[in-house]
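The structure appears below as structure tokens.
Read-outs throughout are calculated quantities, based only on the coordinates presented, and are distinct from any laboratory measurement. Here the structure is a predicted model, which means the values were calculated and not measured. Virtual Cβ from ideal backbone geometry, glycine too; neighbours counted across all protein chains shown.
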Amino acid sequence: MNWSRVQAIIGRELLEIVKNRLLIFTIFLPPLLLTIIPIGMFAVLGNEMTGGNLNSGGSLERLVALSPNMAKYSPNELMQLIVFQQFLVLYLVLPLIIPMTVAAHSIIGEKQARSLEPLLATPIRTGELLFGKSIAAVVPAVLATWLAYGVFFGGASFVTTPRVLAGLFNPMWIVAMIVLTPLLALLSVSIAVVISSRVNDTRVAQQIGGMLVIPAVALGLAQTTGFILLNALTFVIGSVVIALIDVGVLYIATKIFEREKILTQWK
Amino acid sequence: MIETIGLTKHFDGNQAVQDLNLQVKQGEIFAFLGPNGAGKTTTTRMLACLIAPTSGQARVAGYDVGRESDEIRARIGILTESPGLYEKLSAVQNLDFYARLYGMTNADRADAVKKYLSMLGLWERRDENVSSFSKGMKQKLAIARALLHDPKVVFLDEPTSALDPEAAKIVRDFIAELKSEGHTIFLCTHNLDEADRLADRIGVMKQRLIQVDTAENLRRKLYGRRVVVRMRAVMDAHIAALKPLIFIKHVDREDNRLALTVDDPDGMTPTIIRALVQANGDIQSVAEEKHSLEEVYLNLVGNGGGAK
């Protein structure tokens, strides 16, 4: 792996992203919307979420039974905490969605602009090219997610109690943001590269890749309904598993990226 | 500098290039002609290590295609059919990116970018996004990109196709200059006049290589050399006067002109003129007939390769 070539790819890709206002808009708007919505919801509803009755759902009881330290919260706080945490799950979905757009555009767009042929005629190796493109797609996705996460906390501090805020700012989500978010983004990009090697329409690539969010959404639903409880350990284990999958998918992406087929058969 | 032995490429059973045997010397401009679909681009892509041959061997800049592709890629420059530039980046950013891929140092990159943008008249617009460039400017920028790293072999696919006459001349002069600097140029073109003016040798391709030679030798092989004499009127007596001249291989009579096939027009024309004047021929003009490369090309491509 020649790192100066990888750096050149990353630099060029990021420069193109920065110069593409529509792409910037696509990267940063959805996370900010998904942040503003819950904050706005809490600002409007305030403390009217449970009516003060812990037994109103049944799910709340199940959650407290699973995690006794949650008993310290008032019913309203507990409800706020749970609802906020559901929105936090969205921050695991975002790094799966955002880089898909960038990565699909990065390879298919390059082919459509016919810039891939002169690029492949340089000494760059397939692994260097794909790794550079992957990192360049991961960086804005992670930055957008982190930015949204920061705004989320900033906003939450105005609409909830310090106890709920402390409950949200826990090791589990710190691990998720620092470790899991980049790994999920890389997974999304690697899969986008695999799909982009097989189709030559960015929309098709994005639609196929969109299915990636299903496991993350399922995870969120499972937590909402109290069937599972996400904690720091599950996130650490999840991060290790995702990292291994990343390496595997990126390896496969490099192997199935057939320069010749892409140059001669993509029209 | 370029050598192929039995180079062949099939795509899903379709033969794109068949048994190509070719040698291009260092510092030579080699023009590769042929109709669309003749295999020119496929050959270029094989030599540039972009696609693998189905069979046969090729060496470029002293390295084997396939086995030493990385070495070859580092030593060649290529102008593809389409400029393939990054439209949202400036001219400098486009070139600097490629220079980094070739491992050039910061100082070398800056020098090379300035040198080629200046030579091709793009320096003043170096910081503008390529999307604002005309087709010709993009083509010139793509040529600069192919040359940045001072490649030994340069593959140029239709280098002047998008250019106005003035820009085309700049590029042609530039190609000639590259040759003088020792670069080997492999030029794919449909512009026969350009090939005639620039190329040391010409290869005509139609899946297989039909002919390779200098433009002059191709003309001679196909048509011989002919002296055309225009007269006020051509009489039988004039033709009879030429009969004793055994060095004339063939006489064509066309209205008021005679076309005489000879080996050495320069040496034999005075004798021909004397014979016709003595036979009371009123000569209006005498010139050696020049067949255009277009005629040569159409002849070769049209009849599938056999010289007349």
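Let me spell out the model: positive unit charges on the Cβ of Lys and Arg, negative unit charges on the Cβ of Asp and Glu, origin at the Cα centre of chain B. What dipole size does that give, in debye rounded to 20? Walk me through the numbers on the way to the answer.
Numbers: 41 positive and 42 negative charges, 55 e Å.
Charge dipole, chain B, about its Cα centre: 260 debye, nearest 20.
Calculate for chain B the 222 nm mean residue ellipticity that helices alone would give, adding -39,500 (n - 2.57) per DSSP H run of length 4 or more and normalising by residue count, nearest 500 deg cm²/dmol. Could you put the intermediate results ahead of the total?
Values: 11 runs with 116 residues, N = 308.
-11500 deg cm²/dmol, from helical runs alone.
Quick query: amide H of B:V17 versus all other amide H atoms, modeled in the peptide plane; which residues come in under 5 Å with a sequence gap of 5 or more or a different chain?
Amide H neighbours of B:V17: B:K9.
Choose one of A:I97, A:I191, A:S74: the residue whose Cα lies farthest towards the positive end of the charge dipole of the protein assembly as shown (beta-carbon charges +1 Lys, Arg; -1 Asp, Glu; about the Cα centre).
Positive-most Cα among the choices belongs to A:S74.
Give the lysines whose C-alpha is closer than 28 Å to that of A:K19, dropping any in the same chain fewer than 8 places away, or say none.
Within the straight-line limit of under 28 Å, A:K19 reaches these lysines: A:K111, A:K133, A:K267, B:K88, B:K114, B:K115, B:K135, B:K138, B:K140.
How high is the relative contact order of the range B:221-293? Use alpha-carbon pairs under 8 Å, at least six apart in sequence, and give a whole percent. Could you put the intermediate results ahead of the total?
Values: 111 pairs, mean separation 34.6, N = 73.
Once divided by the residue count of the range B:221-293, the mean separation gives 47 percent.
How big is the range B:153-243 in terms of Cα radius of gyration and Dmax, in angstroms?
In Å, with Rg to one decimal and Dmax whole: 19.2, 58.
Using a ≥ b ≥ c from the Cα gyration tensor of the range B:2-213 (square roots of the eigenvalues), is it rounded, prolate or oblate, where a/c under 1.5 gives rounded and otherwise the larger of a/b and b/c decides, a/b for prolate? List each step's numbers first, then the result.
On the way: a/c = 1.80, a/b = 1.50, b/c = 1.20.
Cα axes put the range B:2-213 in the prolate bin.
Counting other Cβ atoms within 10 Å, keep those with at most 12, restrict to DSSP loop, and tell me which trypsin sites (Lys or Arg not before Pro) in the range B:183-264 are left.
On the way: sites: B:R197, B:R201, B:K206, B:R208, B:R219, B:R220, B:K221, B:R225, B:R226, B:R230, B:R232, B:K249, B:R253, B:R257; in loops: B:R232, B:K249.
The qualifying sites are B:R232, B:K249.
Among B:V296, A:V236, B:V229, which comes first, then next, by fewest other beta-carbon atoms within 10 Å? Walk me through the numbers on the way to the answer.
On the way: B:V296 25, A:V236 16, B:V229 22.
By the 10 Å Cβ count, ascending: A:V236, B:V229, B:V296.
Sequence-distant or interchain residues sharing an amide H contact under 5 Å with B:I78, placed H: which?
Here B:F155 satisfy the definition.
Give me Rg over Rh for the protein assembly as shown, both radii from the alpha carbons and Rh done the Kirkwood way, two decimal places. Mind showing how you got there, number by number?
Details: Rg = 34.9 Å, Rh = 28.7 Å.
Taking Rg over the Kirkwood Rh, I get 1.22.
What does the charge dipole of the range B:221-293 about its Cα centre add up to, to the nearest 20 debye, if the Cβ of each Lys and Arg holds +1 and the Cβ of each Asp and Glu holds -1? Please report the intermediate quantities before stating the final value.
Numbers: 11 positive and 10 negative charges, 11 e Å.
About 60 debye.
How well do other chains shield peptide B:95-102, expressed as the mean number of their Cβ atoms within 10 Å of each residue Cβ? Can you show the working numbers first?
Details: counts 0, 3, 9, 6, 1, 8, 13, 5.
The per-residue average across the peptide is 6.
Enter the mean number of other protein chain beta carbons within 10 Å of the beta carbon of each residue in A:7-15, as an integer. Don't skip to the answer; put the middle values down first.
Values: counts 1, 8, 3, 0, 4, 9, 2, 0, 6.
Mean partner-chain Cβ count within 10 Å for A:7-15: 4.
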